[in-house]
1. Cα centroid distance between the stretch 1-70 and the stretch 284-340, in Å?
2. Treat every Asp and Glu Cβ in the chain as -1 and every Lys and Arg Cβ as +1, leave all other atoms uncharged, and give the resulting dipole magnitude about the Cα centre to the nearest 20 debye.
3. Given R₀ = 45 Å, FRET efficiency for Ser121-Arg87 by Cβ-Cβ distance, to 0.05?
4. Computing the accessible area with a 1.4 Å probe over protein heavy atoms, can you report the carbon and sulfur percentage for the chain?
5. Given an 8 Å cut-off on Cα distances and at least 6 residues of separation, report the relative contact order of the stretch 2-88 as a percent.
6. What are the radius of gyration and Dmax of the stretch 2-88, computed over its Cα atoms and given in Å?
7. I need the peptides 252-260, 164-172, 140-148 ranked by packing, meaning the mean over residues of other C-beta atoms within 10 angstrom, with the highest value on top.
8. To make sure I understand the rule: partners must be lysines, Cα under 22 Å from the Cα of Lys72, and not fewer than 8 residues away in the same chain. Which ones qualify?
Amino acid sequence: MQVRIEELKKSFAEALALANSQEALEALRIEYLGKKGYVAELMQQLRFAEDKKAAGQLINSLKTYAEGEIEKATEQLRAAAIAAKVRSAKKYNPTLRFAEEQGSYHPITLATREVEEVFISMGFTIENYDEIVDDYKCFEALNIPKHHPARDMQDTYYLDNGQLLKTHTSAAQNYIMKKYGAPLRAIFPGRCFRNESTDACHENTFFQLEGMMIDENISISNLIYFMKTMLSEVFHRDVKVRLRPGFFPFVEPGFELDISCEICGGEGCPSCKNSGWLELCPCGMIHPNVLREGGIDTEKYSGFAFGLGLTRLAMMKYGVKDIRDFNSGNLKALSQFKSI
Ligand code: DAH
């Protein structure tokens, strides 16, 4: 028995060295370990052996040897197959990819740049500001104390640490007043967040572009002049607007500046809530409390502020019917704009 087993181990090792595929390994397994294989055959002969225990141990040693070797070889073949695949795979080449596909600007980026250019030409600076702010910046510094009902107008995302996602770009007003003092002219575009249910004209994440001008003798006529200039420059034609009173705690008086809906021509459609008008740029004369909170001398200076709905402006300018397209990541919709 011992001789026979030594022979079998030797022939197994020779066959294993030649087995270079999973199929060949499986055939070898069946030959040695299968139901009618050598190991099974030896087991049949066990009853004729003189020392059954010793013979049983020998057969078992052949069995575990063959099993272990087949498992090792299977693993080696699998690893070699993966390595071959990796070697033959096309290498990623970032420069090639760039040449193959050309990107395009997001329509919000295009609209922002256009408005920025208009205001730069009128002597405004462009400011950047955080997306996570504190309650003071977003509300209290803007004359909206705790528990003031005006807070209900802006459904706010609060963070666990007490800070919040800014609900409007007005949250930067206080910071900018303290940074520059008076006189100042600045615009500050930014992403805003509100816990809104979404539809064709509402999104929980959108862009505004805020502006402030503070100087001696600033009046409502300055405000109207800047708003009209900005809109006609951005749309490259005269657009129909209307100004009506609006309440915002941080301005007095406050206005809603509406634009006639460019999607339906004022007839009414889902994009304008069927009213034919879109609230585009609320604005007003900065409330003295807000100026004082920003360290501005209200005896000497006054100012106006506006909060342009940049996402809405992009909708009107490019005829985007559904606000949700902007954040959709839908390249078919978004890559129609100017190429990079
Ligand atoms: N921050 C206001 C909002 O998002 C919009 C606004 C109104 C901004 C009047 C202003 C302003 O600067 O003067 O609802």
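1. Centre-to-centre (Cα) distance: 80 Å.
2. Working: 41 positive and 46 negative charges, 237 e Å.
It works out to roughly 1140 debye.
3. Working: r = 58 Å, r/R0 = 1.28.
About 0.20, to the nearest 0.05.
4. Exposed carbon and sulfur together represent 51 percent of the surface.
5. 34
6. Over the stretch 2-88's Cα set, Rg and Dmax evaluate to 15.5, 58 Å.
7. Values: 252-260: 19.0, 164-172: 23.8, 140-148: 15.9.
Going by the mean number of other Cβ atoms within 10 Å, highest first, we get 164-172, 252-260, 140-148.
8. The reachable lysines, counting only those whose Cα sits under 22 Å from Lys72, are Lys9, Lys10, Lys35, Lys63, Lys85.
The values are calculated or read from the model by the stated rules, or taken from the named source; none is laboratory data. Just so it is clear, the model here is predicted, and its values are computed rather than measured. Note that each Cβ is placed from the backbone with ideal geometry, even for glycine, and that neighbours are counted across all protein chains shown. Ligands, DNA and RNA are stripped out before the accessible areas are found, and what is left, the full protein with its side chains, is counted by its heavy atoms. Shrake-Rupley method; radii C 1.70, N 1.55, O 1.52, S 1.80 Å.
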